[in-house]
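Asks: For reference, the structure I am asking about is given below.
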Amino acid sequence: MARIDELEKRYPTLPRDVIIKWDVFKHGVRDNKDIDEVSYWRPAGHGSYLSYDEDYTIERLKQETPWRFKEGYMLVPDMNIWMKSGLGFPLYRKENSPYTIRVTGTEGKFALYDGEEKVNVDLYRGPQTNFMPGLKTSKGTLAQELIMLWRRCYCIFPVRFCEYFTTGEECKFCNYNHTQEDARRSGLSRHVTINADETAEALKLYGSQLRLLEGQIESGGFAKSETEASVNVRFVDRLSNALPYRTHMKLIGEAMPRKELQRLRDSGLAGIRMAFETIDERLFPIINPGKTKHMSYQGWLEAVQDAVEIFGVGNVAAKTIGGVTMQGPEGYPTWQEARDSHVEGDRWMISHGVYPCMDSLRWAPGSPYSRDPGNRDKYPPSEFFLDCIAAHDKAMEEYGFYEKLNKFLYCGLDCQIRPYVGEVGIIKRAGDFGTWMGEVVPYEQNWMAQFLDSIKQKEMAKV
Ligand code: SF4
């Protein structure tokens, strides 16, 4: 029996699409030519993670598959495959993964194989993002160098640099600064810092051609909260005023004092996701030395509660990485202990009005954890993720949290693909992500609802 079917039997309360997402997310996929059919040409500036193999750099990808590079663009699969529920999963390469993605012969439709066995699921390529490559600011900078666009949502990195690397206090799983050097070696130059006014101009250019819905601001760690808040306030302020309408804007950042959170709220920020990485008190300072110096573990907990008071319940999230607490000599020796710690942290967050989400650990080349080959055997099984997801859903129901969520905090259009964002409750309630977002996004802007409808129509036409 295929792995997915076995897991489905063992987790009868979890939707099958959630099991598929997480088993493929956890295992990655083997590289093949068919992946290119679901890939994007991404401009320089794309994020760091391509693979679960710790030596898989952009440089290596370029050497092995030169056709995936052209004039500052890289062909990246990452975020463009979806199931009929509108749930997607990222495609990270892994050399020994059981999974492959294959073309089916029907335009836009793909199959998932576990070894040579076809998994019972239809996969679809999403509509392509139009990067509008000719758009330039008055200073001549391409808009795409300043803003990363996903269909109707955008992401901005005001500073592509993390101060913790300079002191050797980077988070143990992270290679943020290294990835820039890696990209540069492959001819993909990036701006380390960008100008807020010029970025607002670029947003205006995009926003004049396309109704934008949601944006996120993300950067590396800052040693000083005041500096971090000042940079972010400037961006939130300029971007909030760039368009004749407001997009929902959220920040992915660190804990900061209450007055800095208030400044961000006052400048137009709608929500915040604090990057805890783990909520485990013992391991937090070991995994996050720079973040701990920035603010103590207790300080992070207080800050996230301050954020709930300032931004409101449903507008504050805590990001964690599933599997990170098993790494290193100090990590949990069993996945069950790691799971119990994770679930306890999730429950604390939910009971305090914070929405916890979970990403999956990857060995980013150049990160401290990737340098220790022993860590590769300490990766949790799918059961870890599925147990955490089931417990998350239980707590969300218990505290009535699905009803309190701002749906843009994890926009169901594109942001849901990478972390766990509560898809069990969302699929149970709405059936699919297009319907879930329908309440806050009109149909003409809801690309997901249109996309899922087009799949249904094509299939009905065949019958
Ligand atoms: S704060 Fe941590 S996770 Fe964020 S960029 Fe710096 S080292 Fe990486």
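Asks: With each pseudo-label sitting 7 Å past Cα toward Cβ, what's the MET132-THR334 distance in nm, one decimal?
Replies: Each label point lies 7 Å from its Cα, and together they span 5.6 nm.
Asks: Charges only on Cβ, +1 for Lys and Arg, -1 for Asp and Glu: so what's the dipole of the chain about the Cα centre, in debye to the nearest 20?
Replies: On the way: 60 positive and 66 negative charges, 232 e Å.
For the chain, the charge dipole is close to 1120 debye.
Asks: Right, next: In deg cm²/dmol and to the nearest 500, what is the mean residue ellipticity at 222 nm of the chain if only DSSP H runs of at least 4 residues count, each as -39500 (n - 2.57), divided by the residue total?
Replies: -11000 deg cm²/dmol
Asks: Give me the net charge of GLY140's neighbourhood, meaning all other residues with Cβ under 12 Å from the Cβ of GLY140; Lys, Arg count +1, Asp, Glu -1.
Replies: Details: positive: LYS136, LYS139; negative: GLU145, GLU198, GLU201.
After counting each charged neighbour, the total is -1.
Asks: Given the pairs LYS291/LYS319; LYS118/LYS428; LYS21/LYS84; LYS407/LYS458; LYS172/LYS293; LYS26/LYS394, which span a C-alpha to C-alpha distance of over 19 angstrom in this model?
Replies: Working: LYS291/LYS319 14 Å; LYS118/LYS428 26 Å; LYS21/LYS84 12 Å; LYS407/LYS458 29 Å; LYS172/LYS293 14 Å; LYS26/LYS394 22 Å.
Exceeds cut-off: LYS118/LYS428; LYS407/LYS458; LYS26/LYS394.
Asks: Oh, and also: Radius of gyration and Dmax for the chain's Cα atoms, expressed in Å?
Replies: Radius of gyration, then largest Cα-Cα span, for the chain: 20.8, 63 Å.
Asks: Can you return the aspartates and glutamates within cross-link range of LYS404? Criterion is Cα-Cα under 19 Å, with same-chain partners fewer than 8 residues away left out.
Replies: Once the sequence-local aspartates and glutamates are set aside, what remains near LYS404 is GLU214, ASP306, GLU309, ASP346, ASP393, GLU423, ASP432, GLU439.
Asks: Using a Förster distance of 60 angstrom, determine the FRET efficiency expected from the C-beta separation of GLN262 and GLU383, and round it to 0.05. Could the numbers behind the result be given before it?
Replies: Details: r = 42 Å, r/R0 = 0.70.
E(calc), rounded to 0.05, equals 0.90.
Asks: Also, quick follow-up: How much area per residue is accessible in the chain when the probe is 1.4 Å and only protein heavy atoms are counted (Å²)?
Replies: Details: 17450 Å² over 463 residues.
Averaged over the residues of the chain, the accessible area is 38 Å².
Asks: Note down the nm distance, to one decimal, between modelled labels 7 Å out along Cα→Cβ at GLU302 and at VAL440.
Replies: Those two pseudo-labels are separated by 3.0 nm.
Asks: While we're on this one: Going Cα to Cα from LYS378, which aspartates and glutamates come in below 13 Å? Please leave out same-chain ones fewer than 8 positions away.
Replies: Those aspartates and glutamates meeting the cut-off are GLU330, GLU337.
Asks: Full extension from LEU210 to SER454: what is 0.36 nm times the residue separation minus their Cα-Cα distance, to one decimal in nm?
Replies: Working: separation 244, 0.36 × 244 = 87.84 nm, distance 2.06 nm.
Contour length minus Cα-Cα distance gives 85.8 nm.
Asks: Please identify every one of the chymotrypsin sites (Phe, Trp or Tyr not before Pro) in the range 195-250 that sits in a loop by DSSP and has no more than 15 other beta carbons within 10 Å of its own beta carbon.
Replies: Working: sites: TYR206, PHE222, PHE235, TYR245; in loops: PHE222, TYR245.
Answer in residue order: TYR245.
Asks: Let me ask something additional. Each label point is 7 Å from the Cα along the Cα-to-Cβ direction; what then is the distance between the points at ARG282 and LYS404, in nm?
Replies: 3.0
Asks: Within the chain, what's the longest stretch lacking GluC sites (Glu not before Pro) that sit in DSSP loops with no more than 14 other Cβ atoms inside 10 Å? Could you put the intermediate results ahead of the total?
Replies: Details: sites that count: GLU71, GLU95, GLU107, GLU116, GLU281, GLU330, GLU439.
Within the chain, the longest run free of exposed GluC sites (Glu not before Pro) spans 117-280.
Asks: Another one. Count the net charge of all other residues whose Cβ sits under 9 Å from the Cβ of GLU228, scoring Lys and Arg as +1 and Asp and Glu as -1. Can you show the working numbers first?
Replies: Working: positive: LYS224; negative: GLU226, GLU254, GLU260.
Summing Lys and Arg as +1 and Asp and Glu as -1 gives -2.
Asks: Rounded to the nearest percent, how much of the accessible area of the chain (1.4 Å probe, protein heavy atoms only) is carbon and sulfur? Walk me through the numbers on the way to the answer.
Replies: Details: 8750 of 17450 Å².
The computed percentage sits at 50.
Asks: Using 0.36 nm times the number of residues separating THR193 and SER230, minus their current alpha carbon distance, what extension gain do you get?
Replies: Numbers: separation 37, 0.36 × 37 = 13.32 nm, distance 1.40 nm.
Stretched fully, the THR193-SER230 segment lengthens by 11.9 nm.
Asks: Now, a different point. If you place +1 on the Cβ of every Lys and Arg, -1 on the Cβ of every Asp and Glu, and leave all else neutral, what size is the dipole of the range 403-463 about its Cα centre, to the nearest 20 Debye?
Replies: Numbers: 8 positive and 8 negative charges, 32 e Å.
Once rounded to the nearest 20, the dipole reads 160 debye.
Asks: Antiparallel DSSP bridges in the chain: what percent, to the nearest 5? List each step's numbers first, then the result.
Replies: Values: 26 of 52 bridges.
Close to 50 percent.
Asks: Within straight cross-link reach of LYS139, meaning Cα distance under 20 Å, which aspartates and glutamates are found once same-chain residues fewer than 8 apart are removed?
Replies: Output for LYS139: ASP197, GLU198, GLU201.
The values are calculated or read from the model by the stated rules, or taken from the named source; none is laboratory data. Keep in mind the model is a prediction, meaning the values are calculated, not measured. When we count neighbours, we look across all protein chains shown, and the Cβ atoms used for this are built from the backbone with ideal geometry, even at glycine. With ligands, DNA and RNA removed, areas are computed over all heavy atoms of the protein, side chains included. Shrake-Rupley method; radii C 1.70, N 1.55, O 1.52, S 1.80 Å.
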